[in-house]
1. What percent do you get for the relative contact order of the chain when only Cα pairs under 8 Å and 6+ apart count?
2. Dipole of the chain (Lys/Arg Cβ +1, Asp/Glu Cβ -1, origin at the Cα centre): which of Cys35, Ala74, Ala104 lies farthest to the positive side?
3. Among 34-40, 71-77, 48-54, what's the highest-first ranking by average C-beta atoms within 10 angstrom per residue?
4. With the cut-off at 1.5 for a/c, could you classify segment 11-112 from its C-alpha gyration tensor as rounded, prolate or oblate?
5. If r is the Cβ-Cβ distance from Arg65 to Phe8 and R0 is 41 Å, what FRET efficiency results, to the nearest 0.05?
6. For Glu28, what is the net charge nearby, where nearby means another residue's Cβ is under 14 Å from its Cβ and Lys, Arg count +1, Asp, Glu -1?
7. What's the ranking of 27-33, 15-21 by average number of surrounding C-beta atoms within 10 Å, highest first?
8. Taking the Cα centre of segment 11-112 as origin, sum charge times position over the Cβ atoms of Lys and Arg (+1) and Asp and Glu (-1), and report the length of that vector in debye to the nearest 20.
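What follows is calculated from the coordinates using simple rules that are stated; it is not laboratory data. Source: prediction; values computed, not measured. Quick reminder, even Gly has a Cβ in these numbers, built from the backbone with ideal geometry, and neighbours come from all protein chains shown.
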Amino acid sequence: MHTRIDDFVMPDPEVVAAVADRLRLLAEPTRLTICVALAQGESNPGCLAELAGVAPAALSQQLSRLRLAGVVKARRDGQRIWYELVDPDVRDLVEHLLGATRAAAEAAAEVSA
């Protein structure tokens, strides 16, 4: 129990703002879907668009935002472009959230069985 404000260990406001910005970036469903897919390995825009259920133009816009934020990186292989998830913190966060979601679903399935 904390009885005084001095009992808390808090990050600097700039750190909190940076984390909030990162969470806002991932809060958009298409961008989160892209990150989930890329956490499993490189992929091309066509596959990512299909997984996300969006048009290629919409996917391109979301990939651009992720690229500018340093979350994903593009690699050209001849005529094709491949994307990879390069931010280890985003990878860890996505994997953690997916693990927690799977665990909750499994627990719910056990209760209803």
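1. 22
2. After comparing all options, I get Ala74.
3. Details: 34-40: 19.9, 71-77: 14.4, 48-54: 17.0.
The most tightly packed comes first, giving 34-40, 48-54, 71-77.
4. Details: a/c = 2.07, a/b = 1.22, b/c = 1.69.
Oblate.
5. Working: r = 33 Å, r/R0 = 0.81.
Step by step, r from the Cβ atoms, then E = 0.75.
6. Net of charged neighbours comes to +3.
7. On the way: 27-33: 16.0, 15-21: 10.9.
Top to bottom by mean Cβ count within 10 Å: 27-33, 15-21.
8. On the way: 11 positive and 14 negative charges, 98 e Å.
Roughly 480 debye, rounded to the nearest 20.
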